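*Asks:* Have a look at this one.
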Amino acid sequence: MHEFSIAASLVETVNEFATSRQIEQVRLVRLAIGELTCIERDQLRFCYQALTKETPLEQSDLEIETVRAEIKCPNCSYHGPAKYWEEALTVLIPTLQCPDCGGAAEATLGHECLVRSIQYVS
């Protein structure tokens with residue numbers, strides 16, 4: 001469960017930000033998480049809530065934006081949205097297969113895990 005370590009790092013980073021700026025309360029933390037990270041968003045939220053107890057983040061909301069996967073194919077020069085696994089029935093699973101030529105492609109977007117913004121009260 002790497003969501004716990006991600007949440008711990010996030011809480012530590014935002015707490016340091018709040019402490020260094022004498023922020024009384026953080027209201028909202030916005031994250032951008034790429035489709036290719038395999039981060040389970042509900043588990044991340046659960047860990048975040050558990051780790052923010054008795055901190056300036058305790059009453060804050062965690063908002064998660066999904067960054068769609070994009071790929072670039074070295075074979076045919078395709079650059080754009082990833083192809084999704086067609087047999088997946090309940091969730092979209094991006095692949096690194098070129099939707100044009102079927103060759104192996106590399107991700108140009110979708111591995112992100114970063115703080116987009118922090119809303120707070122001084």
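Where a number appears in this text, it was derived from the coordinates with a stated rule and is not lab data. The model shown is predicted, which means the values in this text are computed figures rather than measured ones. Quick reminder, even Gly has a Cβ in these numbers, built from the backbone with ideal geometry, and neighbours come from all protein chains shown.
*Asks:* Using only Cα atoms, tell me the angle between helix 41-51 and the longest principal axis of the chain; keep it within 0 to 90° and round to the nearest 10.
*Replies:* Value to nearest ten degrees: 20.
*Asks:* A further question follows. Which of K72, K53, K83 comes first, and how do the rest follow, when ranked by fewest Cβ neighbours within 10 Å?
*Replies:* If I rank by nearby Cβ atoms, fewest first, I get K53, K72, K83.
*Asks:* Hey, another quick one. Kirkwood Rh over alpha-carbon pairs of the chain, then Stokes-Einstein at 25 °C and 0.890 mPa s: what D in µm² s⁻¹, rounded to an integer?
*Replies:* In µm²/s, the coefficient is 154.
*Asks:* I've got another one for you. Taking DSSP loops as anything outside H, G, I, E and B, show the longest stretch in the chain free of GluC sites (Glu not before Pro) there with at most 15 other beta carbons within 10 Å.
*Replies:* 88-122
*Asks:* When the helix-only estimate is applied to the chain (DSSP H runs of n ≥ 4, each -39,500 (n - 2.57), divided by the residue count), what is the mean residue ellipticity at 222 nm, nearest 500 deg cm²/dmol?
*Replies:* Value at 222 nm, helices only: -8000 deg cm²/dmol.
*Asks:* A further question on this structure: For the chain, what relative contact order do you get, as a whole percent, if you take Cα pairs closer than 8 Å and at least 6 residues apart?
*Replies:* Relative contact order for the chain comes out at 35 percent.
*Asks:* With angles folded into 0 to 90 degrees, how steeply does helix 2-20 sit against the dominant principal axis of the chain? Use alpha carbons for both and round to 10.
*Replies:* Tilt of helix 2-20: around 50 degrees.
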